[in-house]
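Please read the structure below before turning to the comments.
The values are calculated or read from the model by the stated rules, or taken from the named source; none is laboratory data. Bear in mind the structure is a predicted one, so any value in this text is a computation, not a measurement. Neighbour counts run over all protein chains shown; Cβ positions are idealised from the backbone, glycine included. Remember, those area values only see protein heavy atoms, side chains included, never the ligands or the DNA or RNA. Shrake-Rupley method; radii C 1.70, N 1.55, O 1.52, S 1.80 Å.
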Amino acid sequence: LLRLHTETACRRGGALALRPQDLDPDQCLIFLREKGETVRWQPVSPTLMAHLVSHAAERGALRAVQLLRYADGRPITTRRYDHLWTRLGKHLPWVATQQISTHWLRHTTLTWVERNFGYAVARAYAGHADSGSDAGTTTTYVRASIQEVAAALAALTGEPHPLT
């Protein structure tokens, strides 16, 4: 879960909505469905893709059902996330002190992408819709390709990506 959120900057709801059929192992892409009915193909590292495919197989996730599951095959819930952060905070006090969360991982990844690859790539990496309301009309002209997002991911993970 930590790697999924660090690599993709996806929201908790996007991770919970992920299904085995949303994995494209050949291109190392996952199809995310997030808030506001936004959808996007998001590049992931070959390592993460291998773990997601393996997880689906080991946990018995059928193609059209939730991918992320407990060891007994039940789908995980938002409560699982809350419990994980509580457990991490008990073992690593700085996690609790700094209020590290899934959203914090998203924010941190997107900040790194913006600082290293620019606003357009960070916006695409985040899956922000082209509503025209956040930064004016400039966003109409400043867009990043999925290949640019994959290049940012490759720099973040240190792994080559098929789309770069």
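Calculate what fraction, in whole %, of the accessible area of the chain sits on carbon and sulfur atoms when a 1.4 Å probe is rolled over the protein chains.
Within the chain, the accessible surface is 56 percent carbon and sulfur.
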Net charge of Cβ neighbours under 15 Å - reference Leu52; Lys, Arg +1; Asp, Glu -1: -1
Summing +1 for each Lys or Arg and -1 for each Asp or Glu, what net charge is found among the other residues whose Cβ lies under 9 Å from the Cβ of His103? +3
Can you give the FRET efficiency to the nearest 0.05 for Val53 and His103, using r as the Cβ-Cβ distance and R₀ = 22 Å? 0.25
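Per residue, how much accessible area does the stretch 1-157 show when a 1.4 Å probe rolls over the protein heavy atoms, in square angstrom?
On the way: 8640 Å² over 157 residues.
Value for the stretch 1-157: 55 Å² per residue.
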How much mean residue ellipticity at 222 nm does the chain get from its helices, if each DSSP H run of length 4 or more adds -39500 (n - 2.57) and you divide by all residues, to the nearest 500 deg cm²/dmol? -15000 deg cm²/dmol
I'm spelling it out carefully: the read-out is Rg/Rh (Cα atoms, Kirkwood Rh), the candidates are (i) 0.97; (ii) 0.99; (iii) 1.29, and one was derived from this structure. Which label? (i)
Between Pro46, Pro20, Pro93, where does the largest GNM mean-square fluctuation fall for the chain, given springs only between Cα atoms within less than 10 Å? Pro93
Only sites in a loop by DSSP and with at most 15 other Cβ atoms within 10 Å count here; which chymotrypsin sites (Phe, Trp or Tyr not before Pro) in the stretch 1-95 make the cut? Tyr70
What's the longest piece of the chain with no exposed trypsin sites (Lys or Arg not before Pro), counting a site as exposed if DSSP puts it in a loop and it has at most 14 other beta carbons within 10 Å? 64-142
Choice from Gly36, Gly14, Gly73 showing the highest fluctuation, given a GNM over the chain with Cα pairs closer than 10 Å: Gly36
